[in-house]
Amino acid sequence: MKKILLMGNPNVGKSAVFSRLTGVDVITSNYSGTTVAYTRGCMRLGGEKAEIIDVPGVYSLSAASKAEEVALDMLKEGDIVVNIIDATRLERNLKLTLQLMSRLSPMLIVLNMWDETKHRGIEIDVPKLEEILGVPVVPVCAVTGEGISDLVGRMEQSGVSAFECDVKDLWAEAGRIAGKSQKFFHRHHTFLETLADASITPLTGIPIALVVAAVSFKIVRFIGEGLIGYVFEPFFEKLWGPFIVKALAFLTPGGLLHEILIGKLIDGDIDFVQSMGLLTTGLFVPVAMVLPYVFSFYLVLGFLEDSGYLPRIGVLSDNLMHRVGLHGLAIIPMMLGLGCNVPAAMATRVLETRRERFIAATLMAIAIPCMAQIAMVMGLVGNYGAKALAQVFGTLFIVWIALGLLQNLLIKGDSPEIFVEIPPYRMPYVKVLFEKVFMRVKWFVKEAVPFVMLGVLLVNLLYALGVIEFLGKLAAPVITGIMGLPEKTVAALVVGFLRKDVAVGMLAPLGLSVKQLVIASVVLAMYFPCVATFAVLIKELGWKDMLLSSLIMIVSTLLVGGVLNLIL
Amino acid sequence: MKFDLVSMEDGTGGIVSSLDGGEFFSEKMGNMGIVPGAAIKKITGHFMRGPVIVKVKDTEIAIGYGMSKKIIVEVQ
C-alpha cells in the first residue's frame, strides 16, 4: 500500500486537507499545534487503496526538535510527500518545501487557503511556480473542498524535483522563487487586520480579552440554560418520565430491579436528579444537565479557535503564566480542559519541556473542572445563589495560582519562553465549525453516557452490598474529621473516579448544607482525575510523574478541604 | 541605530542585524524567518517583561522577553 505524507508548516491546514481526502473527521483550528499526534487514514488512488498520514507541522527538517526528528523518520517511509503551503504566506512556507525537495522524494505542492489570496491582494502564477520547482502545484481551499478533486487527480503526477537550490541560504532562495511567481496588489488595511493589532496591544488587548471572556461566558450560559429549560427538562418531565412509569408499571417500588432501573421515588414520584436509577438519573444527568452545556461550550470554544483568537489570549496571559512556570501557550490546554480534561491532557504536548508539561497537566487536572462537572455544580450549587458558586470556582482559581507558584519554585528544569506564530483572524466557516462541535459532542455522548450509567449502577450495587457504609466508616476521620462532610459523601468520591458529573449529582439527596456542598464540590474537582483523564495522563507523563502528580492532588485536596471547613 | 527588540519603539521597522545567541537560538529564530538581513517590524511590546510582537515576512510572531533582548535590529 502506498503511503502518502501530508507535511507542511504549522497551521497551514494539513488536517483540513486530510479530512477532505479521507472523509475522516479530525479537529482543525486556526492556530499552530492543533494536531499533536499522527493521524492515519485511507483514500483511493488510481483504483488502489493508499494510506494517508497527517504529520504534525514543522518549520524545518533540521532535527532540532522532537517533532522534526519524527517528521524526518516519517519521510523515509513515505512514497509521496504532499507539501501543504499556506498560499497567503508563500515565501515563508517555501523554505520547508526546498528542504523537502532536497530529500528527493516524489512530491506535490498544495497551495491551501487559495480563496484568501484574493482578499489579501496576492496573485500567484501557478504554472510559473510549477515550472520553477518542477513538481505539480495545486491550488485548493480545503475548508470548502474546492480543488480537492484536482489534487487527487494529480497525485500520481508527483515527481522528484530537479530544482537545484542554494542550500546555504534557503531563505534567500525562497525569497527569489516567491519574487518570480507572486505579485502583490495595493489594498487597504482590512477591518480584521486593524482588530488584529488592537487585540494584541496590551492597552486595548486586555480590555478586549475581558469583554470576550464575559461575552463567551454569557453565551455559554444562555444557550446551555435555554436548552435545559426549554428542551431537555420538559422532554424528561413530560414525555420520558410518564413513559417509563407506564412501561415499567409491572415493577414494584422497593424491588431490586426497580431500584436499579428507576431508583428511589421521592414523594411517590421520580426525581430525575435524586432517584439514582439507570433510566432516570443515569440518563438525565448526561443528557439533560450536562450535554446542553457541553454543546454551548464547544460552540463558543470552536468560534474562538477558528477565528484565531485563542493564541492571542495566550500572548496576553504570558506574564501570568510565567509566574506559574509556564508560558502563554499553556492557556490552550487550560481552555480545552474546561471542556474535557482528556483532550486537554493531550494538548499539553504543545509545550516543549517535561517540566512545563508536568506543571500544566497537574494544574489542569487539579484546578480545571470539566464542563460536565461545571454544569452539575451550576445546577446544584447554583440553587443557593452566586455567592456559593463564587466560593467553588474562586477556590479552584486560587488553588490554580498557589499550586502553580509552588511548582514553579520546587520543580527543577527549564521553562522556555513563548515563541509562536500568531495566526491571522479568519471568519470561521459555519459548516466546519458545526462539524467540529458535533464531533466533540458525539465524542462526549459516546464516552460519557456509558460511564455515567456504569457509575449509577455501581452506586446501587455498592449501596446494596453495604460497601458504601463500610467505606464511609473507614474514611470518616478524613471526610468528617478534616472536611466536615457526612460519611455518606464517600459514595460520591468513589463514583468520582468514574465520572465527576454523576458524583456531583450524588450530593443532591444527601441533604448537605451550603457550606458542605461547596466543600464537596471543590473536593470532587480536585482529589483525582476521572478514569479517562487518568489513563491519558499516565500515557503523557509516565508512571513516575503521574504518581508525583497524584500525590500533589491528594495532599492539596486534604489541605484545601480542611481550610474551607475552617473558614467558611 | 541599533536596538534590541525590547528597546525598539512600537510601530518601527528595521533590518535584523545580528542574533546574540548560540547556534540553537539562531536555528530556532531562523526557522521563523528571523535571520540577519530580514525585514522586521515591531508591532507592540508587553509590560512587565512580557513578550514582543513582531511582523516578519507577513506573519506576526510573539517572542518572549529574554529572546527579544538577543535580537538586534538596525533601525533607519
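Just checking, which of A:L108, A:L90, A:L5, A:L94 is open to solvent by less than 10 Å² (accessible area, probe 1.4 Å), closer than 26 Å to A:E164 by Cβ, at pLDDT 90 or above and under 27 Å from the mean Cα position of the chain (by Cα)?
Answer to the selection: A:L5.
Please give the number of the condition A:I223 fails out of (1) farther than 18 Å from A:L380 by Cβ; (2) outside any helix (DSSP H, G or I); (3) of a type in the set (V, I, T).
It is condition (2) that A:I223 fails.
Among the helices (runs of 4 or more DSSP H) confined wholly to region A:255-351, which include 3 or more residues that are on the phi > 0 side of the Ramachandran plot, surrounded by fewer than 22 Cβ atoms within 10 Å (Cβ to Cβ) and at pLDDT below 90?
By residue number, no helices (runs of 4 or more DSSP H) qualify.
Identify, please: which residue in region A:27-50 is of a type in the set (A, V, I, L, M) and open to solvent by 30 Å² or more (accessible area, probe 1.4 Å) and is, among those, farthest from A:G78 (Cα to Cα)?
A:I27
Condition first: at pLDDT 95 or above and either under 21 Å from A:N30 (Cβ atoms) or among the aromatic types (F, W, Y) (or both). Now tell me which residues in region A:395-433 satisfy that.
Passing the criteria: A:F397, A:W400.
Do we find a residue being of a type in the set (D, E, K, R), more than 14 Å from chain B (Cβ to nearest Cβ) and within 29 Å of A:F497 (Cα to Cα) anywhere in region A:293-305?
No.
If the requirement is being in contact (Cβ under 8 Å) with a residue 12 or more places away in the chain, open to solvent by 90 Å² or more (accessible area, probe 1.4 Å) and assigned by TED's automatic domain parsing to the domain that holds A:L304, which of these qualifies: A:E237, A:E156, A:E146, A:E233?
A:E237
For A:G496, work out the one condition from (1) closer than 15 Å to A:I468 by Cβ; (2) surrounded by fewer than 23 Cβ atoms within 10 Å (Cβ to Cβ) it doesn't fulfil.
Condition not satisfied by A:G496: (2).
Please indicate, with yes or no, whether at least one residue in region A:44-65 is closer than 24 Å to B:I34 by Cβ, in the same structural domain as A:I124 (by TED's automatic domain parsing) and part of a helix (DSSP H, G or I).
no
Out of region B:20-76, which residues are open to solvent by 30 Å² or more (accessible area, probe 1.4 Å), among the charged types (D, E, K, R) and more than 10 Å from every other protein chain (Cβ to nearest Cβ)?
Once the filter is applied, which keeps residues that are open to solvent by 30 Å² or more (accessible area, probe 1.4 Å), among the charged types (D, E, K, R) and more than 10 Å from every other protein chain (Cβ to nearest Cβ), region B:20-76 yields B:D20, B:K41, B:K69, B:K70, B:E74.
In region A:1-43, what residues are in a strand (DSSP E or B) and among the hydroxyl-bearing types (S, T, Y)?
The answer is A:T39, and nothing else.
Name, by its number, the condition in (1) open to solvent by 10 Å² or more (accessible area, probe 1.4 Å); (2) in contact with a strand residue (DSSP E or B) (Cβ under 8 Å, 6 or more places away or on another chain); (3) not in a loop (DSSP other than H, G, I, E, B) that does not hold for A:I244.
(1)
So which pairs qualify, if the first residue must be in region A:479-495 and touching a residue at least 24 places away in the same chain (Cβ under 8 Å) and on the phi > 0 side of the Ramachandran plot, the second must be of a type outside the set (V, I, T) and assigned to a helix (DSSP H, G or I), the Cβ gap must be under 8 Å, and the two must be at least 6 apart or on different chains?
A:G484/A:K515; A:G484/A:Q516; A:G484/A:N565
Mind checking which residues of region A:159-177 are touching a residue at least 12 places away in the same chain (Cβ under 8 Å), within 14 Å of chain B (Cβ to nearest Cβ) and of a type in the set (A, V, I, L, M)?
Scanning region A:159-177 gives A:V167, A:L170, A:A174, A:I177.
Of these, A:G484, A:G472, which one is in a loop (DSSP other than H, G, I, E, B), farther than 30 Å from A:R354 by Cα and of a type outside the set (K, R)?
It is A:G484.
Is it the case that region A:168-185 has a residue that's outside any helix (DSSP H, G or I) and within 24 Å of A:V17 (Cβ to Cβ)?
Checking region A:168-185: at least one residue is outside any helix (DSSP H, G or I) and within 24 Å of A:V17 (Cβ to Cβ).
Which pairs do you get when a residue that is small (G, A, S), found in region A:529-551, comes within reach of a residue that is surrounded by 12 or more Cβ atoms within 10 Å (Cβ to Cβ), reach meaning Cβ atoms under 6 angstrom, with the pair 6+ apart or on two chains?
Cβ pairs passing all conditions: A:A532/A:V342; A:S549/A:T362.
Does at least one position in region A:441-453 carry a residue that is acidic (D, E) and within 29 Å of A:S296 (Cα to Cα)?
Yes, some residue in region A:441-453 is acidic (D, E) and within 29 Å of A:S296 (Cα to Cα).
Restricting to region A:309-342, count the residues that are closer than 18 Å to A:I27 by Cβ and more than 10 Å from chain B (Cβ to nearest Cβ).
Selection size over region A:309-342: 14.
Taking the condition of being among the aromatic types (F, W, Y) and open to solvent by less than 50 Å² (accessible area, probe 1.4 Å), how many residues in region A:166-209 meet it?
1
Hey, A:S216 hits all of (1) within 14 Å of chain B (Cβ to nearest Cβ); (2) outside any loop (DSSP other than H, G, I, E, B); (3) open to solvent by less than 60 Å² (accessible area, probe 1.4 Å) but one; which does it fall short on?
With respect to (1) within 14 Å of chain B (Cβ to nearest Cβ); (2) outside any loop (DSSP other than H, G, I, E, B); (3) open to solvent by less than 60 Å² (accessible area, probe 1.4 Å), A:S216 is out only on (1).
I'd like to know if region A:58-67 contains one or more residues that are more than 11 Å from chain B (Cβ to nearest Cβ), touching a residue at least 24 places away in the same chain (Cβ under 8 Å) and open to solvent by less than 30 Å² (accessible area, probe 1.4 Å).
So far as region A:58-67 goes, no, none of its residues is more than 11 Å from chain B (Cβ to nearest Cβ), touching a residue at least 24 places away in the same chain (Cβ under 8 Å) and open to solvent by less than 30 Å² (accessible area, probe 1.4 Å).
When the residues of region A:419-447 are filtered to those that are among the hydrophobic types (A, V, I, L, M, F, W, C) and either in contact with a Pro (Cβ under 9 Å, 6 or more places away or on another chain) or not assigned by TED's automatic domain parsing to the domain that holds A:T353 (or both), which remaining residue is surrounded by the fewest Cβ atoms within 10 Å (Cβ to Cβ)?
By that ranking, first place goes to A:V445.
The values are calculated or read from the model by the stated rules, or taken from the named source; none is laboratory data. These numbers come from a predicted model, not from an experiment. Don't worry about glycine lacking a Cβ; one is built from the backbone with ideal geometry, like all the others, and counts go over all protein chains shown. Accessible surface areas use protein heavy atoms only, side chains included; no ligands, DNA or RNA. Shrake-Rupley method; radii C 1.70, N 1.55, O 1.52, S 1.80 Å.
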